[in-house]
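Reviewing the structure listed below.
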Amino acid sequence: MTVKLSGQEVAAKLSAAFSAVEVSDDNLAVRIKGEDLLKVAAYLKNRPDLAFNHLIDITAVDCYAYFEVVYRFTSLAYNQSLVLKVRCDDRTNPTLPRYSVCGAALISWSARSSI
């Protein structure tokens, strides 16, 4: 069974390399800045002790005042999963780096086919 890392556990792994890591209120995810998305994904994939190389889901949530994009990753090597959230505060032009194009080398083939 895959072990889901808590927001605190993920934040501890990311805080050494990224300053703007925030644990979600429910401790189920971490929130990062949109401009850090590709760097964080590369960090999670390329660190041998993490190896989060499989993107499971991408979805978005309309929170009325802002949009939030949610990414679920799995480390097949360590049988762990984590959730990253990125907030888009500008409702008129919500933009993030195109992970499906810029990060294509970061995700596995099965995830690419669903994007």
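The values are calculated or read from the model by the stated rules, or taken from the named source; none is laboratory data. Remember, it's a predicted structure, so these values are computed and weren't measured experimentally. All Cβ positions, glycine included, derive from the backbone under ideal geometry; neighbour counts span all protein chains shown.
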Fill in: Unique match (being over 15 Å from the mean Cα position of the chain (by Cα), over 14 Å from residue 9 (Cα atoms) and at pLDDT 90 or above) among 26, 62, 89
62
Fill in: Answer residue from region 10-38, given it is among the charged types (D, E, K, R) and free of Cβ contacts under 8 Å to residues at least 12 places away in the same chain and is nearest to residue 87 (Cα to Cα) among those
22
Fill in: Among (1) closer than 20 Å to residue 2 by Cα; (2) in contact with a Ser or Thr (Cβ under 9 Å, 6 or more places away or on another chain); (3) surrounded by 16 or more Cβ atoms within 10 Å (Cβ to Cβ) - the single one residue 84 does not satisfy
(2)
Discussion item. Scan region 37-53 and tell me whether some residue there is assigned to a strand (DSSP E or B) and either within 10 Å of the chain's Cα centre (by Cα) or surrounded by 17 or more Cβ atoms within 10 Å (Cβ to Cβ) (or both).
Written reply: no
Worksheet item: Counting only residues that are of a type in the set (Ser, Thr, Tyr) and closer than 21 Å to residue 77 by Cβ, which one in region 1-23 is modelled with the lowest pLDDT?
Response: 2
